[in-house]
Amino acid sequence: MATTIPSIACLGVIGRNNNPLHTSIFPSYDPATNSLRPVRTPLQFSLILSSTLDIFDLRARQNAAAGVGLTGDLGLLHAVDDRLAAYGFETNTGTRFVVVVDMRGRRVDGAAAAAAAQTGAAEGSSKRVAGAATGLREGEMRPVFKAMQAAYIQLMQNPFFEPDEHSPPAGQGGKRITSKKFAEEMRRIGEGWTPGAVSL
Amino acid sequence: MASSKASRLGEEVWKTRMDKVNAELVVLTYGTIVAQLCKDFDSDYIEVNKQLDKMGYNIGLRLIDDYLAKSNTMRRCSNFRETAEMIARVGFKIFLNITPTVTNWTSDGKQFSLIFDENPFADFVELPDDGRAQDELWYSNILCGVLRGALEMVQMQVEAHFVSDVLRGNDTTEMRVTLIRYIDDELPPEDD
C-alpha cells in the first residue's frame, strides 16, 4: 500500500505593494497516473496567492488591534480545499511569503512508513506518518519561512539587486525577481521540505 | 622570512593591532560602489574595471604605510617570492582576514597567482544577468589596484589582473601578479 504525505506545491513571494515577486510551482504525486505533476495551473496558483492578500491584511489589522506585534508567522491563512492549504509569513518590511501545501503531494512507501510508526524509534518518520493522518502541526512551516527569509535577505544584500525596481515607492508596477540564485534556493526549499523537518 | 613565520606575524598583527569593522558594512559599501560605477558608466564594464583599479591604486599608495607600520617590517624582502608570501600571509591577512594561496610561479620567479578561497567582497553578490557582466566585469578588481599601488611605493612595478572569478562561474578566484621591474631610487638632480 502506498500512502501520501504533505509536500509543498507552491512558494510565493509578494512585495509590500501586493506585487508578485516570485512564484515557484512544484509537482505533486498523482495517483491516477502514478507520476508527478502540478495539481493546478500557474494561473490557478497565482489566484490562490492573490486570494491570500486579503487575509494578510485582515490578520495584520487584527494583530495591530490586539497589540500582539505586527508581523511574523501568520500560520494557516486558508484551506483552499481538502488538498491545498496556504500558510503565510509577513516580514516587518511588508514582504509576504506564502507556502501552498498539498496534503497529499508526495508518495511514501506504505510498508516502510507503517514499520517506522510501529517501532516509533525514528522520531521524525513517526511524526511524518502522524502528519499524514492529522494535517500539519502548528509551526510546521516555520523552517520553510525561515529559509525563504534567509534567501530573500541574501537577495537583498546583492548590490546589483534594486529593491526599488521590484517594489517602487509609487506602488505601481514593479519587476519580478529574476535572480537565478534565489530561484534555485526556492526550488531547494520546496523540494527539500518534508513534514517534521526542523531546518532547511 | 619563512612562510610559517609570515603566517604567525599576520595572525598576531590581525589579533592585536588591527581595528576591526563590521564585515557587512564593508561588503555593502564596496557593493554599492561597484553597482554605482556600473550605472554611471552605463554598464561599460571595461571602464568599470579601470575605475576600480584606479581606486585601488590610490588606496594602495596609502595603505602600504599602514601595512609597514603595523607589521613592523623594517627590511626589504630578499626576493619576489618572499614579497608574494608577505602579501598573502600578512597583507591580506591583516586587512581582510583572508590568506590567499600563492601558486603557479613561472620559472623566472617573476609571475605568480593568488588563489582566493574566500573573498569577503563577493559575499551575497550575483553579477547582473545582462549577458555581458559575466564576461567583462571583474567584481573585485579594486584588489589589483591596491597591490599595484602598494608595491609601487616600495619600488616594485607590478601588473595585476584577475584571470578567473567564482562570480563568473569559474571554479576559483585567481589573480595573476607580474613583476615588471624594480624601480631604482632616482637621485634628486644635483645642483651644481
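The values are calculated or read from the model by the stated rules, or taken from the named source; none is laboratory data. A quick note: this is a predicted structure, and the numbers were derived from the prediction, not measured. In this analysis, Cβ positions are derived from the backbone assuming ideal geometry, glycine residues included, and neighbour counts consider all displayed protein chains. The accessibility values were calculated without ligands, DNA or RNA, using every heavy atom of the protein model including side chains. Shrake-Rupley method; radii C 1.70, N 1.55, O 1.52, S 1.80 Å.
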Can you say whether residue B:59 is in a helix (DSSP H, G or I) and of a type in the set (Val, Ile, Thr), as far as the supplied structure shows?
yes
Just to confirm my filter: which strands (runs of 3 or more DSSP E) fall fully inside the stretch A:1-101 and include at least 1 residues that are more than 25 Å from residue A:151 (Cα to Cα)?
A:2-14, A:28-30, A:35-37, A:72-79
One residue is enough: does the stretch B:54-62 have a residue meeting the conditions under 15 Å from residue B:142 (Cα atoms) and touching a Cys at 6+ places or on another chain (Cβ under 8 Å)?
yes
Within the stretch B:34-51, can one find any residue that is away from chain A (no Cβ under 14 Å) and among the polar types (S, T, N, Q)?
yes
Residue B:144 meets each of (1) modelled with pLDDT under 95; (2) open to solvent by less than 60 Å² (accessible area, probe 1.4 Å); (3) of a type outside the set (Gly, Ala, Ser) with one exception, condition (1)
Among the residues of the stretch A:7-41, what is the count of those that are among the hydroxyl-bearing types (Ser, Thr, Tyr) and farther than 21 Å from residue A:79 by Cα?
2
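Listed here are the residues, each with its yes/no results for (1) of a type in the set (D, E, K, R); (2) closer than 30 Å to residue B:140 by Cβ; (3) at pLDDT 90 or above.
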{"site": "A:76", "(1), (2), (3)": "no, no, no"}
{"site": "A:89", "(1), (2), (3)": "no, no, yes"}
{"site": "A:110", "(1), (2), (3)": "no, no, no"}
{"site": "A:116", "(1), (2), (3)": "no, no, no"}
{"site": "A:135", "(1), (2), (3)": "no, no, no"}
{"site": "A:151", "(1), (2), (3)": "no, yes, yes"}
{"site": "A:163", "(1), (2), (3)": "no, yes, no"}
{"site": "A:170", "(1), (2), (3)": "no, no, no"}
Residue B:23, sole failed condition from (1) open to solvent by 50 Å² or more (accessible area, probe 1.4 Å); (2) of a type in the set (Gly, Ala, Ser); (3) away from chain A (no Cβ under 12 Å)
(3)
Applying the selection to the stretch A:5-35, what residues are among the small types (Gly, Ala, Ser) and without any contact (Cβ under 8 Å) to a residue 12 or more places away in the chain?
A:32, A:35
Taking the stretch B:149-192, which residues are among the charged types (D, E, K, R), closer than 16 Å to residue B:88 by Cβ and buried (at least 21 other Cβ atoms within 10 Å of the Cβ)?
none
For the stretch B:88-132, give me each residue that is within 14 Å of another protein chain (Cβ to nearest Cβ), open to solvent by 20 Å² or more (accessible area, probe 1.4 Å) and either within 22 Å of residue A:162 (Cβ to Cβ) or small (Gly, Ala, Ser) (or both).
B:121, B:123, B:124, B:126, B:128, B:129, B:130, B:131, B:132
For the stretch A:182-196: of the residues being closer than 30 Å to residue B:26 by Cβ and open to solvent by 90 Å² or more (accessible area, probe 1.4 Å), which is farthest from the other protein chains (Cβ to nearest Cβ)?
A:188
Failed item, numbered, when residue B:135 is tested on (1) within 14 Å of another protein chain (Cβ to nearest Cβ); (2) out of contact with any strand residue (DSSP E or B) (no Cβ under 9 Å at 6 or more places or on another chain)
(1)
Just to be sure, is residue A:50 among the polar types (S, T, N, Q), on the phi < 0 side of the Ramachandran plot and open to solvent by less than 30 Å² (accessible area, probe 1.4 Å)?
no
